[in-house]
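Take a look at the structure set out below.
The values are calculated or read from the model by the stated rules, or taken from the named source; none is laboratory data. Please read all numbers here as calculations on a predicted model, not as lab measurements. Here Cβ is always computed from backbone atoms with ideal geometry, including for glycine, and neighbour counts include all displayed protein chains.
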Amino acid sequence: MALWKVTVKRQVSKVGLRMEEGMSVEVVTASTLSPLSNTRNIPLINDLFKSKYGIEPGHYVNTGYMTAKRID
């Protein structure tokens, strides 16, 4: 198991979605690979952002808009 901090690295301002640089969530994965590298983690990351910030980043959950850092 690995604990990751997924952080927005650049601002997104679209109709119905506003993400600010620095917004972050923590996610636990069974793999030691970045959660952004596995598409199975995208729904989980979306749910975490919705729970914490009330937004669904959808297709912005990728390495172009977010970074993942292992914190354990």
Might you let me know whether segment 26-41 holds any residue that is modelled with pLDDT under 95, of a type in the set (Gly, Ala, Ser) and over 12 Å from the mean Cα position of the chain (by Cα)?
-> yes
Counting only residues that are part of a strand (DSSP E or B) and either surrounded by fewer than 12 Cβ atoms within 10 Å (Cβ to Cβ) or of a type in the set (Phe, Trp, Tyr) (or both), how many does segment 10-25 have?
-> 2
Please tell me if Leu48 is under 12 Å from Met66 (Cβ atoms) and either surrounded by 15 or more Cβ atoms within 10 Å (Cβ to Cβ) or not aliphatic (A, V, I, L, M) (or both).
-> yes
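Out of the residues in segment 26-44 that are in a loop (DSSP other than H, G, I, E, B) and not polar (S, T, N, Q), state the one that is surrounded by the most Cβ atoms within 10 Å (Cβ to Cβ).
Within segment 26-44, the subset in a loop (DSSP other than H, G, I, E, B) is 30-34, 38.
Now narrow it down to the ones that are not polar (S, T, N, Q): 30, 33.
On the way: Ala30: 8, Leu33: 14.
Going through the qualifying residues, I end up with Leu33.
If you scan segment 1-27, which residues turn out to be of a type in the set (A, V, I, L, M) and either within 14 Å of Tyr53 (Cα to Cα) or touching a helix residue (DSSP H, G or I) at 6+ places or on another chain (Cβ under 9 Å) (or both)?
Residues of segment 1-27 that are of a type in the set (A, V, I, L, M), as a first pass: 1-3, 6, 8, 12, 15, 17, 19, 23, 25, 27.
Of everything in segment 1-27, those that are of a type in the set (A, V, I, L, M) and either within 14 Å of Tyr53 (Cα to Cα) or touching a helix residue (DSSP H, G or I) at 6+ places or on another chain (Cβ under 9 Å) (or both) turn out to be Ala2, Val6, Val8, Val12, Leu17, Met19, Met23, Val25, Val27.
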What pairs can you find where one residue is in segment 45-72 and at positive phi and in a helix (DSSP H, G or I), the other is surrounded by 13 or more Cβ atoms within 10 Å (Cβ to Cβ) and of a type outside the set (A, V, I, L, M, F, W, C), and their Cβ atoms are less than 8 Å apart, with a gap of 6+ or different chains?
-> Gly58/Asn46
